Amino acid sequence: MAATILVTGATGRLGQRVVSRLLQKQAIVRVLTRRREDALKLWGDRVDIAEGNFSDPASLKEAARGTDRVFLLSPIGETLAADQKAVIDAALSAGASRIVKISGSDWTIANAARSISGAAHAEVETHLAGRGIAHTVLRPNAWMQVALEPVVAALRNGGDVPARFGHAAVSFIDADDIADVAVHALTASAPLAGPLVLTGGESLTALEIARIAARILHRPVGVAHNAASVFPPHIGAFEQKAISEFGQLIGDGFAASVTDTVDRITGRQPRSVEGYLRARLAAAAPQGDHSEGEKTWR
Ligand SMILES: NC(=O)c1ccc[n+]([C@@H]2O[C@H](COP(=O)([O-])OP(=O)(O)OC[C@H]3O[C@@H](n4cnc5c(N)ncnc54)[C@H](OP(=O)(O)O)[C@@H]3O)[C@@H](O)[C@H]2O)c1
């Protein structure tokens with residue numbers, strides 16, 4: 001019988017993309033969620049639903065039972081390290097043979113003293129390395145679906161490109177490219193060695209993005225240097241601090257490096273910022289909302 005793959009964070013931004021790809025590949029998928037009804041709406045009976053919570057070890061044990069591979073993702077927050085370590089240990093007890101972890105961006109791990117989320121992800125990476133289970137750590141750069149949504153919203157309102165990172169360049173990556181790499185790492189016959197640093201194929205400043213936007217929209221587009229980062233109402237102190245630290249590190253140029261990992265693993269170029277903006281600006285704006293439903297950027 002084919003092996004079951006447990007997907008944590010399945011109902012989220014990246015997790016949904018991973019689940020749909022695994023189903024396309026006829027994989028047997030179990031999703032961990034606190035929201036059974038939402039999972040049912042998304043996938044019906046095409047996935048096995050394990051209702052559970054990172055903070056409830058019994059539910060993790062039940063979710064991990066009989067699984068061979070695990071996609072490990074949890075949101076940024078005070079409990080990130082504890083939550084992910086609990087999933088790893090449950091997977092080990094269940095006899096799983098491989099874990100694919102979505103970690104922090106490479107520059108948050110390298111600058112863990114300046115990034116509480118980088119420090120939390122680094123703690124999980126160390127735990128994983130010490131457990132002796134085959135694993136692949138993916139360290140994606142800033143996601144287009146998060147970091148570029150304020151740009152999409154401003155452009156839709158007829159505005160300029162907000163320069164939240166000053167003059168720094170960033171190699172934004174599409175979450176679909178991250179999902180493609182993750183699914184490859186989960187389903188390849190042999191585990192991929194990591195950590196894999198995932199970026200887009202180009203590093204762009206706000207000014208360069210404004211030039212792209214002008215080309216797409218056929219109107220002059222400038223750069224708004226006074227753009228303040230507005231926190232969504234419901235995020236906690238840990239996440240607020242983490243986001244502020246991202247802004248500082250990105251502004252210092254740490255998110256500018258470009259790797260060829262997406263191309264190397266998937267055999268195709270990562271999506272461009274121009275491709276992303278064209279698609280988003282062609283799509284109708286959601287009513288009463290300025291974003292695709294993206295909650296915040298991390
Ligand atoms: N955005 C970026 O630029 C970026 C860059 C690098 C790394 N990352 C990493 O990506 C991750 C965030 O991914 P995302 O944006 O896809 O997440 P997301 O959309 O916020 O989704 C969070 C998921 O976690 C699940 N979850 C939350 N609390 C849970 C709990 N107590 N027990 C069980 N499940 C729980 C939710 O499931 P239910 O609600 O269904 O239970 C949901 O599926 C973070 O670890 C972040 O560090 C992001």
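The values are calculated or read from the model by the stated rules, or taken from the named source; none is laboratory data. Everything quoted here is computed from the prediction, not taken from an experiment. As a convention, Cβ positions derive from the backbone with ideal geometry for all residues, glycine included, and neighbour counts pool all protein chains shown. Areas reflect the complete protein model, heavy atoms only, side chains present, ligands, DNA and RNA absent. Shrake-Rupley method; radii C 1.70, N 1.55, O 1.52, S 1.80 Å.
Brief remarks on what is shown
- Residue within the stretch 183-190 that is open to solvent by less than 10 Å² (accessible area, probe 1.4 Å) and closer than 28 Å to GLN248 by Cβ present: no
- If you go through the stretch 24-36 and pick out every residue that is hydrophobic (A, V, I, L, M, F, W, C) and either near the ligand (Cβ under 9 Å from one of its atoms) or open to solvent by 30 Å² or more (accessible area, probe 1.4 Å) (or both), you end up with 3.
- ILE133 being open to solvent by 10 Å² or more (accessible area, probe 1.4 Å) and away from the ligand (no atom under 16 Å from the Cβ): yes
- Breaking point among (1) farther than 22 Å from GLY12 by Cα; (2) open to solvent by 10 Å² or more (accessible area, probe 1.4 Å); (3) hydroxyl-bearing (Ser, Thr, Tyr); (4) within 13 Å of the ligand (Cβ to nearest atom), for THR126: (4)
- Of all residues in the stretch 85-98, exactly one satisfies the criterion of being among the aliphatic types (A, V, I, L, M), out of contact with any helix residue (DSSP H, G or I) (no Cβ under 6 Å at 6 or more places or on another chain) and outside any helix (DSSP H, G or I), namely ALA96.
- Some residue of the stretch 215-234 being open to solvent by less than 60 Å² (accessible area, probe 1.4 Å), modelled with pLDDT of 95 or more and more than 13 Å from VAL161 (Cβ to Cβ): no
- Any hit, the stretch 70-86, residues being in contact with a Phe, Trp or Tyr (Cβ under 6 Å, 6 or more places away or on another chain), more than 9 Å from the ligand (Cβ to nearest atom), open to solvent by 50 Å² or more (accessible area, probe 1.4 Å) and not β-branched (Val, Ile, Thr): yes
- Looking only at the stretch 103-118, and only at residues there that are open to solvent by 10 Å² or more (accessible area, probe 1.4 Å) and out of contact with any Asp or Glu (no Cβ under 8 Å at 6 or more places or on another chain), the one that is farthest from the ligand (Cβ to nearest atom): ALA113
- Taken over the stretch 7-21, the criterion of being out of contact with any helix residue (DSSP H, G or I) (no Cβ under 6 Å at 6 or more places or on another chain) and more than 9 Å from the ligand (Cβ to nearest atom) is satisfied by VAL19, SER20.
- Per the listing ALA64, ALA39, ALA3, ALA50, the residue uniquely touching a Leu at 6+ places or on another chain (Cβ under 7 Å) and either within 10 Å of the ligand (Cβ to nearest atom) or open to solvent by 10 Å² or more (accessible area, probe 1.4 Å) (or both) is ALA50.
- Condition check for SER203: open to solvent by 20 Å² or more (accessible area, probe 1.4 Å), polar (S, T, N, Q) and under 30 Å from GLY132 (Cα atoms): no
- For the stretch 242-259, filtered to residues that are within 13 Å of the ligand (Cβ to nearest atom) and in a helix (DSSP H, G or I), the residue that is surrounded by the most Cβ atoms within 10 Å (Cβ to Cβ) is PHE246.
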